[in-house]
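A short worksheet on the structure shown next.
The values are calculated or read from the model by the stated rules, or taken from the named source; none is laboratory data. Keep in mind the model is a prediction, meaning the values are calculated, not measured. Positions of Cβ are generated from backbone atoms using ideal geometry, with glycine treated the same way; all protein chains shown enter the neighbour counts. Calculation scope for accessible area: heavy atoms of the full protein, side chains included, ligands and nucleic acids excluded. Shrake-Rupley method; radii C 1.70, N 1.55, O 1.52, S 1.80 Å.
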Amino acid sequence: MSRLSISSSSERARTALYILILVNVFIFAYRDDLRPHLNLRRTYRIYDGDLRSMLLSIYYHMDPTHLFVNMIALYRYGSELFVNSSSTKWHSILMVFISYIACGIGAFMGIELLSRYHEYQWEQKLSDARYASRCNHWLCSSLNDAIGEDVSSYFTNAWADLTTSFEFADIKLSMRYYRAIHRIGASGVVYGWMGMRLITSWLSPYHSRLDSLDYFFLIATLAHDLSESPLSLEDLRVSVLLEGDGVDHAAHIMGAIFGVNWALALILLEKVTSFQFGRRLWWWRNTGGRRLGERWEGEERMQQREQQRRENSRLLNSQRADQRRRAML
């Protein structure tokens, strides 16, 4: 493919990046005028979030600094991923839009999985407390045998749940707060594209390699976000959340993880469609779309006709030889 065609197709990816940036700027500039449809209460939160709120959140920003930083990072990694790629498949406008939406939603889905992991840890804490407070006295055993049911566990479990909730009340409140806060911004998309850039640098033949400075920046950024993310119940204490910087570091990590897997899926899909499917399509076109085995049957018929022709030729030669012998006699 000529350089001119690649350059013209890469401009489509650049146009898609400009459109995404303009949409983010437009929503930020007119969020007050569009308040009935684009207010903060409609953005995503774990407690009652849905796909519509996720789509709104990845375009919604509250302050100009947050918008400016995200758009600069979006254009940089978007240019390296889509505009500067040597493959026209990465220049597709649809590819840019789908990657933006997929990484944003993937970051929020990762947050929901993290919240479910917090709930699982809380249930394990309650289970351990119930096991530790179970009644092993002979009176409890006698009562359970007399009734035919483990009645004592009802009281001990209720007491264990009550004492555990009071002892770790700050964690319980933090879990509710973590599920109720609204999450906004395109940071999850930016980190998703960072993860995509990392994988394409290693595995894609159509993208340039990262230098040492890029690796240092990526590792330092992800390490900071990982240290600030509430990956366990201890990280969800109220004191830790109140001392935070108001940045959803967990969404950054989840976006990067999803971006890595998204880029792997795109690279694998590109290899499959470029080789296996392409070969099958080439074979189908060159055989005229015939069914499997028809070519072999045609060769068999040709061989049979050739054999029949040779037998007819031998018979004809034999008849001519007989006629010559008779004429000589």
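Observations on the structure shown:
- Reach of Lys125 by Cα under 17 Å, taken over aspartates and glutamates that are not fewer than 8 positions away in the same chain: Asp161, Glu167, Asp170, Glu234, Asp235
- For a 4.7 Å threshold on C-beta separation, the list of partnerless cysteines in the chain reads Cys103.
- Listed by chain and number, the lysines whose alpha-carbon sits under 20 Å from that of Lys271, ignoring those within fewer than 8 places in the same chain, are Lys89.
- Share of carbon and sulfur in the accessible heavy-atom surface of segment 53-192 [1.4 Å probe, %]: 64 percent
- Amide H contacts of Tyr44: Ser57, Arg183, each under 5 Å away and 5 or more positions distant or on a separate chain (H built 1.01 Å from N in the peptide plane; Pro and chain starts excluded).
- The Ala146 and Asn84 beta-carbon pair, evaluated with R₀ = 45 Å, returns a calculated FRET efficiency of approximately 0.05.
- Calculated P(r) of segment 51-133 - Cα pairs past 14 Å, %: 75 percent
- Helical mean residue ellipticity (222 nm; -39500 (n - 2.57) per DSSP H run of 4+; nearest 500) of the chain: -24500 deg cm²/dmol
- In sequence order, segment 181-186 has phi-based couplings of 6, 8, 10, 10, x, 8 Hz under the Karplus curve 6.51 cos²θ - 1.76 cosθ + 1.60, θ = phi - 60°, and Gly or Pro positions carry x.
- Gain upon complete extension [Ile19, Phe68; 0.36 nm per residue less C-alpha separation]: 16.1 nm
- A simple spin-label model places the labels of Ile181 and Tyr131 3.2 nm from each other, with each point 7 Å out along Cα-to-Cβ.
- Dimensions in Å of segment 1-139 - Rg and Dmax from alpha carbons: 22.7, 89
- Basic side chains Lys and Arg get +1 at the Cβ, acidic Asp and Glu get -1 at the Cβ, and with that the dipole of the chain about its Cα centre reaches some 3300 debye.
- What the Cα convex hull of segment 109-166 gives, in volume per residue, is 77 Å³.
- Scanning the chain for GluC sites (Glu not before Pro) lying in DSSP loops with no more than 11 further Cβ atoms inside 10 Å, the longest uninterrupted stretch between such sites is 1-148.
- Across all directions, the average projected area of the convex hull around the alpha carbons of segment 60-202 is 13.9 nm².
- Between segment 158-189 and segment 50-116, the alpha-carbon centres lie 27 Å apart.
- Probe 1.4 Å, protein heavy atoms only - accessible area per residue of segment 55-124 in square angstrom: 42 Å²
- One quarter of the convex hull surface built on the alpha carbon atoms of the chain amounts to 37.6 nm², the projected area averaged over directions.
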